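Structure, as structure tokens:
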Amino acid sequence: MSAPIRLLVLDADGVLTDGRVYIGPRGEVLKVFDVRDGYGIVQLQKAGVRVAVISGRRSPMMAVRCRELGIRHLHQGIVDKLGVFARLCARLKLTPASCACVGDDVQDLPLMRAAALSFAVADAHREVRRTADIVTRAAGGRGAVREVCDHLLALRRPRRRRRR
């Protein structure tokens, strides 16, 4: 990876959430988000890295969470994540060489292979973990995205030379 990362693409369920869906007695659906992930996303955006969510499912809660975090690029109900990624890169005038992504399941593999830097959450499917450049210590929805954000922020800082 030679170009700085300018776009982070996240899957939703299993990455921003723990992948579980809570269904109440009236059919209401709830999801849980980690505030540490949210803080990392906000800090990454302040540093000039755009964030996008490309999800196979539609969820009103995901739309609310993205609005709260200032994520302007939310794509839900997507079967062809790679196609959406290509169109998003074109619209933002970026190449995949300046993008990173985070996935947890096999439908994320094409996107992970296209991006310059790919991450898998700790509890991702084994094939996703094998494909990823980096596997987080934390599970999806439990601080994994914060780890990714911290890693990307560290890559943006100039390296200090050690004194001898």
- [ ] Collect the residues in the stretch 1-43 that are modelled with pLDDT of 95 or more and of a type in the set (Asp, Glu), keeping them in residue-number order.
- [x] Asp11, Asp13, Asp18, Asp34, Asp37
- [ ] Confirm whether Gly70 is loosely packed, with under 14 Cβ neighbours inside 10 Å and either of a type in the set (Gly, Ala, Ser) or touching a Gly at 6+ places or on another chain (Cβ under 6 Å) (or both).
- [x] yes
TODO: Among the residues of the stretch 20-77, write down those that are of a type in the set (Val, Ile, Thr), within 18 Å of Arg6 (Cα to Cα) and not in a loop (DSSP other than H, G, I, E, B).
DONE: Ile41, Val42, Val51, Val53, Ile54
- [ ] Go through the stretch 114-142 and give me each residue that's under 23 Å from Gly83 (Cβ atoms), within 13 Å of the chain's Cα centre (by Cα) and of a type outside the set (A, V, I, L, M).
- [x] Ser118, Phe119
TODO: Go through the stretch 103-121 and give me each residue that's among the small types (Gly, Ala, Ser) and outside any loop (DSSP other than H, G, I, E, B).
DONE: Gly103, Ala114, Ser118, Ala120
- [ ] Considering each residue of the stretch 57-67, count those that are surrounded by fewer than 18 Cβ atoms within 10 Å (Cβ to Cβ) and either of a type in the set (Val, Ile, Thr) or modelled with pLDDT of 95 or more (or both), and give that number.
- [x] 3
Open item on the list: With the requirement that a residue be closer than 18 Å to Asp34 by Cβ and either in contact with an Asp or Glu (Cβ under 6 Å, 6 or more places away or on another chain) or among the basic types (Lys, Arg) (or both), what does the stretch 58-85 give you?
Closed with: Arg65, Arg67
- [ ] Sort through Val51, Val32 and tell me the only one that's touching a residue at least 60 places away in the same chain (Cβ under 8 Å), in contact with a strand residue (DSSP E or B) (Cβ under 8 Å, 6 or more places away or on another chain) and either surrounded by fewer than 19 Cβ atoms within 10 Å (Cβ to Cβ) or closer than 19 Å to Val121 by Cβ (or both).
- [x] Val32
Task: Matching entry among Ala132, Ala97, Ala86 (being closer than 23 Å to Leu153 by Cα, touching a helix residue (DSSP H, G or I) at 6+ places or on another chain (Cβ under 9 Å) and modelled with pLDDT of 95 or more) - done: Ala132
TODO: Look through the stretch 135-164, keep the residues that are at pLDDT below 95 and part of a loop (DSSP other than H, G, I, E, B), and return whichever of them is farthest from Met61 (Cα to Cα).
DONE: Arg164
Open item on the list: As an exercise: evaluate Lys46 against (1) surrounded by fewer than 17 Cβ atoms within 10 Å (Cβ to Cβ); (2) touching a Ser or Thr at 6+ places or on another chain (Cβ under 9 Å); (3) at pLDDT 95 or above and give the number of the one condition it does not meet.
Closed with: (2)
Open item on the list: Going by what's in this entry, would Leu88 be described as closer than 16 Å to Asp37 by Cβ, more than 13 Å from the chain's Cα centre (by Cα) and not charged (D, E, K, R)?
Closed with: no
Open item on the list: Tell me yes or no: at least one residue of the stretch 82-102 is assigned to a loop (DSSP other than H, G, I, E, B) and within 30 Å of Ile23 (Cβ to Cβ).
Closed with: no
Task: Residue satisfying condition, being farther than 21 Å from Gln45 by Cβ and crowded, with 21+ Cβ neighbours inside 10 Å, within set Ala115, Ala100, Ala120 - done: Ala120
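The values are calculated or read from the model by the stated rules, or taken from the named source; none is laboratory data. Since we're looking at a predicted model, the values are computed, not measured. No Cβ is skipped: glycine too gets one built from the backbone with ideal geometry, and neighbour counts run over all protein chains shown.
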